[in-house]
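Read through the structure below, which is laid out as structure tokens, and then see the notes.
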Amino acid sequence: MSDTVESSASGAPGAADGGEEGETRRDFLLLATTAFGAVGAAFAIWPFVDSMNPSADVLALSSIEVDLSPIAKGQRITVKWRGAPVFIEHRTQAQIDAARKDDKADLIDPQLDKDRAKRPEWLIMVGICTHLGCIPLGQKSGQPKGEWGGWFCPCHGSHYDTSGRIRKGPAPKNLPIPEYEFLSDTVVRIG
């Protein structure tokens, strides 16, 4: 019996002296402090997270408009989009026919020419080799165009045909086609 009296006298919390209320108050204070701290941390971190969003000038560069009217048939030009070269070719009927004839060839990355060019006379591709990221030659006159008359990557010898499809070499995929849409007969928006 003396053990019971001593524990009561030592001030141990019990149901009779409001011990449960103390724990409830303590739990509430802990929860409120944690919630307040979480909201404060979110307000402190938000400017940092928001600073990672692209700025207005970067968003403006996410798409470009290109005037196609000065590009003669058979001519290739290069424009820059998102820091990457984009090849634009105004194809002749002979080039379109050659590309379509190659649709039936044994291709490493099979893709039809009509699926690569929204309008047959305009071929628009990202000019980065899919092997290790070099820029293929063939955009300027006098540069090697590879065995299929398209593009040739000088880094490791990949050959692309007149539709930008890989035909020979270590590149695993065709030259990529970016998202684009024709705004008119002479203006295209890339991106």
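A few points about this structure:
- GNM remark for the chain: springs join alpha carbons under 10 Å apart, and the peak mean-square fluctuation among Ala99, Ala84, Ala44 falls on Ala44.
- For Met52, Met125, order by how many other beta-carbon atoms lie within 10 Å, fewest first: Met52, Met125
- Read-out percent of Cα pairs over 19 Å apart, derived from the coordinates shown; its label in (i) 59; (ii) 56; (iii) 70: (iii)
- Footprinting exposure proxy ranking of Cys134, Cys129, Cys153, fewest other C-beta atoms within 10 angstrom first, gives Cys134, Cys129, Cys153.
- Computed over the chain, the per-residue total of -39500 (n - 2.57) for DSSP H runs of n ≥ 4 gives a 222 nm mean residue ellipticity of -9500 deg cm²/dmol, rounded to 500.
- Extending 7 Å from the Cα toward the beta-carbon at both Thr92 and Phe182 defines two label points whose distance is 2.1 nm.
- Set of lysines near Lys118 by C-alpha distance (under 24 Å), chain-local residues within fewer than 8 positions excluded: Lys73, Lys80, Lys101, Lys104, Lys140, Lys145, Lys173
Read-outs throughout are calculated quantities, based only on the coordinates presented, and are distinct from any laboratory measurement. Please read these numbers as outputs of a predicted model, since none were measured by experiment. As a convention, Cβ positions derive from the backbone with ideal geometry for all residues, glycine included, and neighbour counts pool all protein chains shown.
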